[in-house]
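Take a look at the structure set out below.
The values are calculated or read from the model by the stated rules, or taken from the named source; none is laboratory data. Computed from a predicted structure; not experimentally measured. A quick note on method: Cβ atoms are made from the backbone with ideal geometry, for glycine too, and the neighbour counts reach across all protein chains shown. Side chains are part of the model used for accessible areas, which takes the heavy atoms of the whole protein and leaves out ligands, DNA and RNA. Shrake-Rupley method; radii C 1.70, N 1.55, O 1.52, S 1.80 Å.
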Amino acid sequence: MFPNSSNLGRPPFPPKYQQPTAFYTKLPLNIPPTLLSHQQIIVPPGNIEATPAVTPVVTLQPMAYGSVSPVSKSDALPSFQGRKRQSQQRVPDDAKRQRIHSHDSDTAAVNQAVPLPEERRCSFPASVSVRSPVLRVRGSPPVVGCLPPLQDTFFPDSAEIRLPVARDELSQQVLELFHACQQQASDLDRKELCRTELQREIQLIFPQSRLFLVGSSLNGFGTHTSDGDLCLVVKEEPIPTVFINLNTIFQVNQKTEARRILSLVQKLFSTKLCNYIERPQLIRAKVPIVKFRDKVNVDFDLNVNNVIGIRNTFLLRTYAFIENRVRPLVLVVKKWASFHEINDASRGTLNSYSLVLMVLHYLQTLPEPILPSLQKNYPECFDPTMQLHLVHQAPRTIPPYISKNGSSLGDLLIGFFKYYATEFDWSHQMISVREAKAIARPDGAEWRNKFICVEEPFDGTNTARAVHEKQKYDMIRGEFVQAWRLLRDKKDLNYILPLKAAKQKR
């Protein structure tokens, strides 16, 4: 599939950045030895002696990329039988979406994720022995700190999350739209497979780099048609003693250095990977990106060193799965905003990220909250100075949130529109998920003359700064008021979002 699919490159970070903090040494080690996500840490060959020996050992069998055959189970425990279920056998929940990325193969166990001609298929290495939490692959250095995917014990496969029961027509409509449009496991598999292979190729240019899948594809709020957002971290630097702004950690000048890096990436995509990557374009915006599409028609945006995006992906993912009403509500609001054309920052309206934060904020500010402030309740899990290779591990320790609020999805949707149509003070208040309440606007240039203020949970900037025209602001406010009145009177989602059209668009 890729010219250098057998070479992953050098370890992502030097050993001195691989030591976990004291907080992570207290995490339980008796979790199932889960297959890895792309956040893994490699120890160079010289440090093999420092690797602790942990048992038990589980042997995984090879699986051909693009093959329809399931992973062989002759020598593996049931939890490593892959995603395809065996006939007359129930596969445990923690085996449903598992991936393994060794330093040599960067393996992804995907069944028919991206069908390729037989001559272009590649195979995975013969045998892999997994020690929890240490992974060893024959012929490669040991992997230390093998952090399992977020969705293992605490956050299972999204398809297995039990959704709320709909006891009224409006709630049932919300659930039906969610089921029709939510991102499927196969959608995520395709994006993750592309990320894996692109990282291998990019590391030939930037050996210490890593490529992260971020945004709606991974945070739990994606749809079937969501683009893939990728963040290239060229090199992780030591964390400053005094945290000022995460964007300054990597000292990347967006107008020069980021464009230089992305120019090299675009050239790589246009030449060496032209058989797989279509139409790579360097967008020379304030925050430059490379836009491209892979041959299975998934659109991607790739940026450089957007550390905030990586941290927010796992913050939002935690919110998505600690309460089962969050994801359906967010999806419907995003679909509604898109249908009414108020969900496009390039046209001066709200971006999807701001809409998600608005829903979370509303659920936090109810008289009986449905969501807490995760950053206040679990500050050690969302420490803004935490090194990137630990970011996805911390939320696993957070249990589901039990709220006394039993409101239905339909009632919550009506309440969401009512809150922003009649209760929230747009002129003087700022939406803050970090504080779990509406707070007074700061008196700074970031907030002056802005019609909508939504605080970014980590760096405190305004995620809704694109709404800088009163005409667009009035249009957005008008849509909230109209949606609230129609749902209040009709109790039918079709009056604000034609369900047939929304499901067809997915």
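Enter the accessible area of Tyr473 (Å², nearest 10), with the probe set to 1.4 Å and all protein chains included.
30 Å²
Could you look at the range 390-453 and say what percent of its accessible area is carbon and sulfur, using a 1.4 Å probe and all protein chains?
48 percent
For the range 437-448, take each phi angle, set θ = phi - 60°, evaluate the Karplus expression 6.51 cos²θ - 1.76 cosθ + 1.60, and give the result in whole Hz per residue in order, putting x for glycine and proline.
With the stated coefficients, the range 437-448 comes to 6, 7, 10, 5, 4, x, 9, x, 4, 5, 10, 5 Hz.
Output the pairs from Lys335/Lys404; Lys376/Lys437; Lys335/Lys450 with a Cα-Cα distance over 18 Å in this structure; if there are none, say none.
Lys335/Lys404; Lys335/Lys450
Could you please put Ser186, Ser354 in sequence from largest to smallest accessible area, using a 1.4 Å probe?
Ser186, Ser354
Accessible area per residue, 1.4 Å probe, Å², for the range 180-221: what's the number?
18 Å²
Roughly speaking, to the nearest percent, how much of the range 195-238's 1.4 Å accessible area is carbon and sulfur?
51 percent
Return the long-range amide H neighbours of Asp299 (sequence gap of 5 or more, or a different chain), with a cut-off of under 5 Å between placed amide H atoms.
HN-HN under 5 Å from Asp299: Gly228.
With every protein chain kept in the model, how would you rank Cys274, Cys181 by accessible area, 1.4 Å probe, largest at the top?
If we order Cys274, Cys181 from most to least accessible, we get Cys274, Cys181.
Please list the non-local residues whose amide H lies under 5 Å from the amide H of Thr461, H modeled 1.01 Å from N, same-chain partners needing a gap of 5 or more.
Amide H neighbours of Thr461: Glu456.
Which cross-chain or sequence-distant (5 or more) residues have an amide H under 5 Å from the amide H of Val304, H modelled 1.01 Å from N in plane?
For Val304, whose amide H was placed from the backbone, the distant partners under 5 Å are Leu232.
Need the C-alpha centroid separation for the range 273-294 versus the range 402-481, integer Å.
33 Å
Sticking with the crude label model, points 7 Å out along Cα→Cβ, report the distance from His179 to Met475 in nm, one decimal please.
If labels sit at His179 and Met475, their model points lie 3.5 nm apart.
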